[in-house]
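First up is the structure itself, then whatever we jot down about it.
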Amino acid sequence: MRREQRMRLIAMALVVFAVAACAAVSKFKIDNDGMYRFKSQSFVVWAPKECLLDIAVRDTDQSVDFTTGAGYWMASGQYSVQVFTFEQLSVDDKHPFQERMNDVAPKYMVNDRAHAFKFVFQDGKSIEVGSRPAYQATAVEEGKATFVATFVLQNSRVSVASLVFPIEDPNSKMGRPFPWDCYSKFVASVKEKP
């Protein structure tokens, strides 16, 4: 084996080891019941371990991202939850949730991931999630990814559960469609605890 090939194999092995180590460490943020609990918010969400090849968790006080390994979203997408106050989204008696989402969602879909994507808003619709008012929006960057986000009016906050999923070449034999079953379960699991 040539030295160049050995160096590539060693480098690949180190990358795999580093990704596995990062993913393993982050799994400690998921409780034994499979739920992730926000540290400074009264929210819980199901960690979509069955939907990702391996799971890494990145979090802040108001958000959590679940990906495959450290940043390898293309393997199975990036599941995220963000929590906003009513004030942040200007939801109040004069501006009810559904009305505000008609304005907020298209801007959110284009701007939230603007550092990595150039999403174009496609559509949005009012729905219910577990008998709570909700709004689901879709955006696409042609040839790269689909972004679906579901805004849910919780007790004292608005949660946004989203999935960025790679678009595959239409001629690909893998042909992975958007994982609606996993995404729906993920959205339904987001709960604000009293």
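What to note about this one:
- Top-ranked residue in the range 137-161 [being part of a strand (DSSP E or B) and touching a residue at least 40 places away in the same chain (Cβ under 8 Å); ranked as nearest to the chain's Cα centre (by Cα)]: 161
- Matching entry among 120, 129 (being modelled with pLDDT of 95 or more and open to solvent by 80 Å² or more (accessible area, probe 1.4 Å)): 120
- Pick from the range 77-110, criterion touching a residue at least 60 places away in the same chain (Cβ under 8 Å) and small (Gly, Ala, Ser), ranking: surrounded by the most Cβ atoms within 10 Å (Cβ to Cβ): 77
- Out of 67, 146, 150, sole residue that is more than 20 Å from residue 41 (Cα to Cα), among the hydroxyl-bearing types (Ser, Thr, Tyr) and open to solvent by less than 20 Å² (accessible area, probe 1.4 Å): 67
- Complete set of residues in the range 1-37 that are at pLDDT 60 or above, open to solvent by 90 Å² or more (accessible area, probe 1.4 Å) and part of a helix (DSSP H, G or I): 28
- Checklist (1) in a helix (DSSP H, G or I); (2) under 15 Å from the mean Cα position of the chain (by Cα); (3) among the hydrophobic types (A, V, I, L, M, F, W, C) applied to residue 114, failing item: (1)
- Flag if residue 113 is modelled with pLDDT of 95 or more, touching a strand residue (DSSP E or B) at 6+ places or on another chain (Cβ under 8 Å), under 24 Å from residue 59 (Cβ atoms) and surrounded by fewer than 21 Cβ atoms within 10 Å (Cβ to Cβ): no
- Test for residue 104: is it among the β-branched types (Val, Ile, Thr), farther than 17 Å from residue 45 by Cβ and out of contact with any strand residue (DSSP E or B) (no Cβ under 7 Å at 6 or more places or on another chain): yes
- Restricting the range 157-187 to residues that are open to solvent by 50 Å² or more (accessible area, probe 1.4 Å) and modelled with pLDDT of 90 or more, the residue that is nearest to residue 99 (Cα to Cα): 157
The values are calculated or read from the model by the stated rules, or taken from the named source; none is laboratory data. Keep in mind that this is a model prediction, so the values were computed, not measured. Because the Cβ atoms are built from the backbone with ideal geometry, glycine has one as well, and the counts that use them run over all protein chains shown. For accessibility, only protein heavy atoms count, side chains too; no ligands or nucleic acids. Shrake-Rupley method; radii C 1.70, N 1.55, O 1.52, S 1.80 Å.
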